[in-house]
Amino acid sequence: LFGGVGNIGRLGDIWEWNGATRAWTQVASFGPQRRSNHAMAYDSGRSRTVLFGGANGSSFFGDTWEWNGATAAWTPASSGPQSRYAHAMAYDSGRNRTVVFGGTINGFSNFRDTWEWNGANAAWTLVASTGPQSRAEHAMAYDSGRNRTVLFGGDNGSIRLGDTWEWNGATAAWTQVASTGPQSRYIHAMAYDSGRNRTVLFGGLNSNGIPLGDTWEWNGANAAWTPQIFANSPGARAYHAMAYVSGRNRTVLFGGYNGSYLGDT
């Protein structure tokens, strides 16, 4: 986990979660500048966590960093997409590419470009300029069972979105696969549960800016979203982060905002 915003402003600390002991450990306090609304994805082919972009007040970032947990160090990498924040990112393990879509530079002018990062040659490549309409504050997850990056929702500057798209990197094409399912929302989070072949979505803000606490699963095989009902689940929130821990078959959620900053896991 890196950065974000809390009661003391933008953060630049790095923490790691050990699910076996259910403990967070702060592993570094230096590296990228303090920021929020950035995106991260784990490159399993090279054992690196990749970070791109974000914002700190009126400063917008277009830098790329990699975290090597083995040495507990951040390393700056190549520049690439235009500076932005509120974009979404996912790692395509089938092709060893980190995929970035969308984002914004000022909260009004949103992007609809798709970029891929191949850490092997340290270069970002613009791979598409069409597909989903421009948006920010959406979420993406890579479905390794079907070799597709799944995108849902976001904010296009005037309305909240509730469409579902999939990116086939092999053909460099976006396809809209659903227009129904969860209600339109933004600032939600998604993660792919590879143990059950489901993309999991939680929370966000609805079109009226009200925090949501619902959980949905996307089964790409039948192109359907299914609501999940639990006796106990996180409270409604937005701006949280989620990741799937394949070694323990768990989706981990941390933090968020529901009128107050949250620090629960």
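Sort the stretch 1-105 into rounded, prolate or oblate with this rule: let a ≥ b ≥ c be the square roots of the eigenvalues of the Cα gyration tensor; rounded if a/c is under 1.5, and if a/c is not under 1.5, prolate when a/b is larger than b/c, oblate otherwise.
Because a/c hits 1.5 or more and a/b fails to exceed b/c, the stretch 1-105 counts as oblate.
Taking R0 as 22 Å, what's the FRET efficiency between Asp13 and Arg46 from their Cβ-Cβ distance, rounded to 0.05?
Once rounded, the FRET efficiency stands at 0.40.
Using +1 at the C-beta of Lys and Arg and -1 at the C-beta of Asp and Glu, which of Ala23, Phe2, Val127 has the Cα lying farthest in the positive direction of the dipole of the chain?
Of the candidates, Ala23 comes out farthest on the positive side.
Calculate, for the stretch 1-108, the solvent-accessible area per residue in square angstrom, rolling a 1.4 angstrom probe over the heavy atoms of the protein chains.
Spelled out: the 1.4 Å probe surface of the stretch 1-108, per residue, equals 46 Å².
Using label points projected 7 Å from each Cα along Cα→Cβ, tell me how many nm separate Ala241 and Ala28, to one decimal.
1.3 nm
Would you compute the Debye intensity of the chain from its alpha-carbon atoms alone, equal scatterers and no solvent, and pass along log10 I(q)/I(0) at q = 0.11, 0.14 Å⁻¹ to two decimals?
-0.54, -0.94
For the chain, which whole-number percentage of the solvent-accessible area (1.4 Å probe, protein heavy atoms only) is attributable to carbon and sulfur atoms?
So the carbon and sulfur contribution to the accessible surface is 47 percent.
Arg146 to Ser179: extension gain in nm, 0.36 nm per residue of separation minus the Cα-Cα distance?
In short, 9.9 nm is gained.
The values are calculated or read from the model by the stated rules, or taken from the named source; none is laboratory data. All of these numbers come straight from a predicted model, not from anything done at the bench. Here Cβ is always computed from backbone atoms with ideal geometry, including for glycine, and neighbour counts include all displayed protein chains. The protein model used for the area step is the full one, side chains on, heavy atoms only, and it has no ligands, DNA or RNA in it. Shrake-Rupley method; radii C 1.70, N 1.55, O 1.52, S 1.80 Å.
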